[in-house]
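Below: the structure, in structure tokens.
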Amino acid sequence: GGAPYTWQQPASPAGGYGTPISPTGMPPSPQYQTQKSPSGPGSVPQLGSAPAGYSHSRNNSQGSAPSSPKLPLPSRGPDQAGKGLSWGQTSAMQYAAEEDDLPESFLREIYAKMDQNANGTVSKLELIAAVTRDKDVAELLGMDGESLLSDETTFDALHALFEEITAGKNGIDFDAFVKYVRKANVAKTPRGTKMQEVFNLIDADGNGSISKLELVAAMQSNAAVDEFLTPGVDSSTVMDDEGMFEKVDSLFEAIAGGKKRITYNDFANYYRKAVVAATPRPPSNRNRPATKLFIIGPGFGNQINPRQSKMIEHQGYQIKWCFNIPNPEVPHFPVEPYLDQIKAEMDAFQPHVVCGASKGGVYIVGLWKRGYWRGPTLMLNAHPMARSLPQESNTVIACGSNDEVYPMNRADLEALVATGAPNKTFLYYTANSGQLQSGQLSRVGDYHNMESLLNHDCLPRLIDATLCKEGPEVHFMRTWRERLSDERVKAELWLGYSPQQLIRLWSSKGDKQGDHLVQVQPVSTEYKSVVAAFKAMPKEEQAYILQPPEVWAKVRVVKVERVENSLQADGSWKPYYKSLCRSLEDQGVEFEPGTHTCWTFHGCDANALDSIVNNPVTGFQPLASGTRSSTLWGSGTYFAREAKYVAEGGFCGAPGPDGTRRMLMCLLVTGMPCLGDPNQKGVLPFRQQPHRYNCSVDCLASPEVFIVQQSGAAVPAYVITFA
């Protein structure tokens, strides 16, 4: 019934239905553009000299002989001799993460030119044909189409390109193509060029890859390279200090991923992730004034639940309410005639997101079926008529376990969300916890009016999530860090969000027998960062308040000890970290330290704590965990976002003779979390078969409790003694 909706690019502002908002705050232009960031200010010292403020000293290649054995550097030729970095003196950790602006519409156009048979995958033969006949395809992929079939080097380069994009698969799907092109586009920016310059300095023989010998030699002799790779750590003693050599060796293994040499892509990918983790993200709400929302009026709650409407209006969105349509939930109601009316209003307004709730879901389903709308969509309360979701763009479904109007069990909701395209759907779900010993619930799932959307800026965050090019689920997880105080975020950024960043702070090889604790000096930045995270309170009110904040303010830290257990690292959390990164990559999700990892706290008695710290095989043992909390959100080891909850909840065991107690501060490798369930017995739901969710939480809006089911998912980093 009726002509299908035809997509149009609006004249002003640039961008069409379903067009994501750019970092500038306005929808990106549909034309293909690339923006480059200005280079950083200042200059960097030449090879071997130290940047201003660099605390350690070393002998450079042109100075007196060093005390440690100097590794030979292969000749680079006269044009490379004596070169340092030509850009501002800064480390990898100080770069801001970059966004590219290649519109998806442009990338789909290019992909269609390659996918000749339109089967959704590009074979190697199709890629060769597209590069040779189409200059746009060749230029985007950085290939010379004219010489492809006559030059062996060019042909081999295309073969390597195909293998890199497919990662061992038989063809290139659209998501893999987009991921590769956007990474390559970032590499063309000045910051990508800066990273290339560092790589070139390490690649002493200029053969395009880095050996372990070259990495060690560069970090020993070049202060600028050392500061880039390990900011704030003096690696010049790498040939004198076994512990330092082990750290550099571990760094090489982390970048190379098991290979014998590091390619530029390995190098850039590793440090780009480190940049994301070490750089505060811009606030997720920065584009709201430029975002156009089209809201289906019936069912949204403008009268029944007006607080939701006011919440959206107060966030500055450009809103078009569609009120002049009737309640569709009457017997034999004809939906079809009103879809054209809604389409006409959409044509005039040209929204970025369509929102609907409750009975308004009937109209959203109708718009999907007609093809009138295939852009970002937020549906509050999963309407029974929604049997499948669109494949083209992001869709967020919000529902509660206690919905008395449209009751649906969790498995059915997960099945509905699974009908959408991978990483383009997100189920925001709330549910009852298990019962406490008192018989009460620690959390209660939403009813039909979804009260939880009014807390933690939740409803606007769900709207923003529909516009994220990496997918709504990842976006929503990123906003969890915004619930923390600025002081805590600053402290966590300094400590790092990956196991490799933790190991950089170790003062030993971590292989000594017996005690694996090293006291952290109170005057150090490390100590102050741990204390800041320990004492921090979130920006918003906590769900679990056992004592008033004034009581917690009086708690003082007596001692901080760093856990250095290399046997446990090698046997437990390092392998798990690598396997989880591979699992996310298989799902089309790029691992982000700080999004897929987080800092938490854990309490236990003295015997358990000593076992966690010193066990040479595994620290935490979720399958052997106690049952005190297992009936709340399922089995596993429980961790709290705030130390206050652990201390006040009596989880730290009996005080010592001096009245002090101890608590663990841990880095969790959370991956992709789902909402916990008291009936979960260590096996979480599928996210994308055969991949399951990696941990569970007590609340998707602002989790305060994390439950891990794998021992390697928790890195015991510090023991905090407090009174």
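When you go through (1) under 18 Å from Cys666 (Cβ atoms); (2) open to solvent by 20 Å² or more (accessible area, probe 1.4 Å); (3) out of contact with any Phe, Trp or Tyr (no Cβ under 8 Å at 6 or more places or on another chain) one by one for Val613, which number turns out not to apply?
(2)
For region 271-303, enumerate the residues that are hydroxyl-bearing (Ser, Thr, Tyr) and modelled with pLDDT of 80 or more. Give the derivation first.
Residues of region 271-303 hydroxyl-bearing (Ser, Thr, Tyr): 271, 279, 284, 291.
Passing the criteria: only Thr291.
Any idea how many residues of region 528-554 are closer than 20 Å to Glu492 by Cβ, open to solvent by 30 Å² or more (accessible area, probe 1.4 Å) and either over 28 Å from the mean Cα position of the chain (by Cα) or not basic (Lys, Arg) (or both)? Give the derivation first.
To start, the set of residues in region 528-554 that are closer than 20 Å to Glu492 by Cβ comprises 528-540, 542, 552.
If we keep only those that are open to solvent by 30 Å² or more (accessible area, probe 1.4 Å) too, we end up with 528, 531-532, 535, 537, 539-540.
Filter once more, so that each one left must be either over 28 Å from the mean Cα position of the chain (by Cα) or not basic (Lys, Arg) (or both): 531-532, 537, 540.
Qualifying residue count, region 528-554: 4.
Select, from Thr637, Thr670, Thr660, the only residue that is closer than 21 Å to Val560 by Cα and hydroxyl-bearing (Ser, Thr, Tyr).
Step by step, each of Thr637, Thr670, Thr660 is checked, and only Thr660 is closer than 21 Å to Val560 by Cα and hydroxyl-bearing (Ser, Thr, Tyr).
Those residues that are in a helix (DSSP H, G or I) and among the β-branched types (Val, Ile, Thr), I need them from region 544-563; list them, please. Step through it out loud before you land on a result.
Initially, region 544-563 is screened for residues in a helix (DSSP H, G or I), giving 549-553.
Passing the criteria: only Val551.
What pairs come out if I take residues in region 163-175 that are more than 14 Å from Ser123 (Cβ to Cβ) and open to solvent by less than 80 Å² (accessible area, probe 1.4 Å) and pair them with residues that are acidic (Asp, Glu) and in a helix (DSSP H, G or I) whose C-beta lies under 8 Å away, six or more apart or interchain?
Ala167/Glu585
For region 395-431, how many residues are in contact (Cβ under 8 Å) with a residue 60 or more places away in the chain, in a loop (DSSP other than H, G, I, E, B) and closer than 22 Å to Leu454 by Cβ?
Selection size over region 395-431: 1.
Residue-wise test of (1) touching a Cys at 6+ places or on another chain (Cβ under 8 Å); (2) within 28 Å of Asn423 (Cα to Cα); (3) charged (D, E, K, R).
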| position | (1), (2), (3) |
| --- | --- |
| Pro283 | no, yes, no |
| Lys292 | no, yes, yes |
| Ile296 | yes, yes, no |
| Tyr317 | no, yes, no |
| Asn327 | no, no, no |
| Leu339 | no, no, no |
| Gly366 | no, yes, no |
| Asn381 | yes, yes, no |
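Would you confirm whether or not region 450-464 contains a residue that is in a helix (DSSP H, G or I), touching a strand residue (DSSP E or B) at 6+ places or on another chain (Cβ under 6 Å), open to solvent by less than 40 Å² (accessible area, probe 1.4 Å) and among the small types (Gly, Ala, Ser)?
Checked against the condition, which is being in a helix (DSSP H, G or I), touching a strand residue (DSSP E or B) at 6+ places or on another chain (Cβ under 6 Å), open to solvent by less than 40 Å² (accessible area, probe 1.4 Å) and among the small types (Gly, Ala, Ser), region 450-464 yields at least one hit.
Report, ordered by the first and then the second residue, all pairs with beta carbons closer than 7 Å, sequence separation of six or more or different chains, a first member in region 550-564 that is over 17 Å from Ser524 (Cα atoms) and touching a residue at least 24 places away in the same chain (Cβ under 8 Å), and a second member that is of a type outside the set (A, V, I, L, M) and open to solvent by 30 Å² or more (accessible area, probe 1.4 Å).
Short answer, once both residue conditions are applied: Glu564/Ser508.
Give me the pairs, please: first residue somewhere in region 565-592 and open to solvent by 10 Å² or more (accessible area, probe 1.4 Å), second residue anywhere and assigned to a helix (DSSP H, G or I) and among the basic types (Lys, Arg), beta-carbon distance under 7 Å, and either six or more positions apart or on two chains.
Final answer for the pair search is Glu592/Lys273.
Can you pull out every residue in region 685-704 that is aromatic (Phe, Trp, Tyr) and closer than 18 Å to Arg478 by Cα?
We begin by selecting, within region 685-704, every residue aromatic (Phe, Trp, Tyr); these are 686, 693.
If the condition is that a residue be aromatic (Phe, Trp, Tyr) and closer than 18 Å to Arg478 by Cα, then Tyr693 is the only one that fits.
Taking the residues in region 224-238 that are part of a helix (DSSP H, G or I) and at pLDDT below 85 as candidates, determine which candidate is farthest from Lys509 (Cα to Cα). Break it down stepwise before answering.
Of all residues in region 224-238, those part of a helix (DSSP H, G or I) come to 224-229.
Filter once more, so that each one left must be at pLDDT below 85: 224, 226-229.
Details: Ala224: 25, Asp226: 20, Glu227: 21, Phe228: 22, Leu229: 19 Å.
Among those that are part of a helix (DSSP H, G or I) and at pLDDT below 85, it is Ala224.
For region 669-684, which positions are in contact with a helix residue (DSSP H, G or I) (Cβ under 6 Å, 6 or more places away or on another chain) and either modelled with pLDDT of 95 or more or crowded, with 24+ Cβ neighbours inside 10 Å (or both)?
Of the residues in region 669-684, the ones in contact with a helix residue (DSSP H, G or I) (Cβ under 6 Å, 6 or more places away or on another chain) are 669, 671, 676, 678.
Within region 669-684, Val669, Gly671, Gly676 qualify.
Within region 576-613, work out how many residues are touching a strand residue (DSSP E or B) at 6+ places or on another chain (Cβ under 6 Å) and closer than 17 Å to Thr166 by Cα.
So the count comes out to 2.
Assuming Pro472 fulfils every condition listed in (1) farther than 30 Å from Phe106 by Cα; (2) at pLDDT 95 or above apart from one, which condition is it?
Here Pro472 meets the rest and fails (1).
The rows are residues; the columns are (1) farther than 17 Å from Ile503 by Cα; (2) modelled with pLDDT under 80; (3) not in a helix (DSSP H, G or I).
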| site | (1), (2), (3) |
| --- | --- |
| Thr193 | yes, yes, no |
| Phe199 | yes, no, no |
| Ala204 | yes, no, yes |
| Asn207 | yes, no, yes |
| Ala217 | yes, no, no |
| Asp240 | yes, no, yes |
| Gly243 | no, yes, no |
| Phe252 | no, no, no |
| Lys259 | yes, no, yes |
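Which of the residues that make up region 685-723 are under 20 Å from the mean Cα position of the chain (by Cα), open to solvent by less than 20 Å² (accessible area, probe 1.4 Å) and more than 15 Å from Tyr638 (Cα to Cα)?
Correct list: Leu700, Ala701, Ser702.
Residues to consider are Ser625, Ser630; find the one that is open to solvent by 10 Å² or more (accessible area, probe 1.4 Å), over 23 Å from Gly571 (Cα atoms) and at pLDDT below 95. Break it down into steps so the answer makes sense when it comes.
Numbers: Ser625 fails: over 23 Å from Gly571 (Cα atoms).
None of the other options fit; the residue is Ser630.
Residues that are touching a helix residue (DSSP H, G or I) at 6+ places or on another chain (Cβ under 6 Å) and of a type in the set (Phe, Trp, Tyr): does region 576-589 have at least one? Full working, then the answer.
Taking region 576-589 and keeping what is touching a helix residue (DSSP H, G or I) at 6+ places or on another chain (Cβ under 6 Å), we get 576-577, 588.
Okay, now just the ones that are also of a type in the set (Phe, Trp, Tyr), so 576-577.
The answer is yes, given that some residue of region 576-589 is touching a helix residue (DSSP H, G or I) at 6+ places or on another chain (Cβ under 6 Å) and of a type in the set (Phe, Trp, Tyr).
The values are calculated or read from the model by the stated rules, or taken from the named source; none is laboratory data. If you're wondering where the values come from, they're calculated on a predicted model, not measured in any experiment. Methodologically, a virtual Cβ is constructed for each residue, glycine included, from the backbone with ideal geometry; neighbour enumeration extends over all protein chains shown. Note: areas computed on protein heavy atoms with side chains; ligands, DNA, RNA excluded. Shrake-Rupley method; radii C 1.70, N 1.55, O 1.52, S 1.80 Å.
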